Amino acid sequence: MYDVAVIGAGINGCTTAYHLHKAGQRVVVFDQEGVASGGSGAAGAFLSPKFAKGGELKELINSALDIALDFYTTNFPEHINRYNLLHIAKDEKDTINLQAFKKDIDIEILANSPFTPQDEYIYTSKSAIVDAQKMCEALLANIEFYKQEIETLEYKEGYWSLNGSFKAKKVVLATGAYKHNFFSEPYQMLRGIWGHRIDIKTTTQNNTSIHQFVSISPTHNGVLSIGATHNVHYHPQTTKEPYDLQSGRDELLYKASQTLELQDVKVIKDYVGLRSGSFDYLPIVGGVVDVEKSLQILPKSDIYQKKPDLSKAIMFPELYMINASAGYGYVLAPYLAQTLSKLIVEGLIVPKSLNPARFFFRWAKSS
């Protein structure tokens, strides 16, 4: 009998398993394709601030960035590299955001950028790049892992049965935007975001991370990474046509060339995968609502309140989820996983803005 079973071995699942293991829990992790095989493996894994005028998401990401930099550097220094970041405005809206951000500076702004763009920009040392695959593998180094698809998930007599052969007191769903048959609730409003990253050989030398139309890594052993194309229309499980790798490569190279002149380019590796985001753009962490029981038990007055009490939703016993980090998975994961671990082990309350129940009430009002 395990204390916790984590389904999904992307950065959210791996970091959650790590925190739970450190808290003394006996943890097992499952993934049908392998560690960091989806969106987490395709991510550029850039750690950077969110340059925006304001809002809850900006505050969350920029607070989580401090936690992430400390967490990775302290525990896995061999899998993180600190590089300065040059963020260049890509359009008029981005220009306004950067101008507003500069008025409310909460990060170090460096004086001299590698080159001086014509557009608005910010140059900062508060950034890094994580080796996505190696980081996820390191997080699971001391944790039991099975490359296995979970087909059935059933709660009985105080524990969860997975595939009829594994038992766990608690389960964490860290499955991203991939669809699965073992569990589904209609209110879980996730959007899939297809990502594509490439490694290229080039004679062009680059000494800093650059973000504009795409993200461009510094040169490492003659290789640059460029990513990631964000496509909300392509889903590998539902789209009839296969993803066009060459078209994706062409788009990445074209967008990168608008920022940095690339010479003698040869694509040497592709990384593709599906990321998940929510429709209010905030991540999702906490217990999973039992829709059927909630609709049966909750009076309509509780459901139709303008600001419903999320704690009134009826939850599945010892079932949790962590999801919807979108393009900031490696920034958010240490904070989100720590938050979820404290909920599971210590019973600490998750912030309302992250609680999955917020989507249940929205769904129930419109259904």
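Count of the range 43-74 residues, restricted to those that are of a type in the set (V, I, T), open to solvent by 30 Å² or more (accessible area, probe 1.4 Å) and under 14 Å from P283 (Cβ atoms), is 1. Annotation note: Cβ proximity below 9 Å between a residue of the range 231-248 that is among the small types (G, A, S) and a residue that is open to solvent by 50 Å² or more (accessible area, probe 1.4 Å) (sequence gap 6+ or interchain) occurs for G248/V272.
Filter the range 1-38 down to residues that are in a helix (DSSP H, G or I), open to solvent by 10 Å² or more (accessible area, probe 1.4 Å) and within 23 Å of F183 (Cα to Cα), then give me how many there are. Result for the range 1-38: 1.
Reported count of residues in the range 324-367, each being touching a helix residue (DSSP H, G or I) at 6+ places or on another chain (Cβ under 8 Å), closer than 16 Å to S276 by Cβ and in a loop (DSSP other than H, G, I, E, B), is 2. Checking the stated criteria, K134 turns out not to satisfy the condition of being at pLDDT 95 or above, open to solvent by 70 Å² or more (accessible area, probe 1.4 Å) and under 29 Å from P317 (Cα atoms). Flag: I122 matches the condition of being among the aliphatic types (A, V, I, L, M), open to solvent by less than 10 Å² (accessible area, probe 1.4 Å) and within 25 Å of the chain's Cα centre (by Cα). Quick check, is P186 open to solvent by less than 50 Å² (accessible area, probe 1.4 Å) and in a loop (DSSP other than H, G, I, E, B)? So P186 fails the test. Among the helices (runs of 4 or more DSSP H) confined to the range 216-310, the ones with at least 3 residues that are modelled with pLDDT of 90 or more and of a type in the set (S, T, Y) are located at 245-257. Kindly indicate whether any position in the range 45-55 is of a type outside the set (D, E), assigned to a helix (DSSP H, G or I), under 14 Å from V331 (Cβ atoms) and touching a Phe, Trp or Tyr at 6+ places or on another chain (Cβ under 6 Å). No, that holds for no residue. Taken together, L354, L319, L340 contain a single residue that is in contact (Cβ under 8 Å) with a residue 40 or more places away in the chain, open to solvent by less than 20 Å² (accessible area, probe 1.4 Å) and closer than 13 Å to L282 by Cα, which is L354.
Quick check on this structure: which one of A9, A52 is in contact (Cβ under 8 Å) with a residue 12 or more places away in the chain and under 30 Å from Q99 (Cβ atoms)?
A52
Taking the listed residues L98, L162, the one that is more than 21 Å from the chain's Cα centre (by Cα), over 19 Å from R26 (Cα atoms), touching a residue at least 40 places away in the same chain (Cβ under 8 Å) and open to solvent by less than 30 Å² (accessible area, probe 1.4 Å) is L98, with no other qualifying. Considering L86, L69, L47, L20, the condition of being farther than 24 Å from S353 by Cα and touching a residue at least 40 places away in the same chain (Cβ under 8 Å) is satisfied by L86 alone.
The values are calculated or read from the model by the stated rules, or taken from the named source; none is laboratory data. Please read all numbers here as calculations on a predicted model, not as lab measurements. Neighbour counts are summed over all protein chains in view; Cβ atoms, including those assigned to glycine, are modelled from backbone coordinates with ideal geometry. These accessible areas exclude ligands, DNA and RNA; they are computed on the full protein's heavy atoms, side chains included. Shrake-Rupley method; radii C 1.70, N 1.55, O 1.52, S 1.80 Å.
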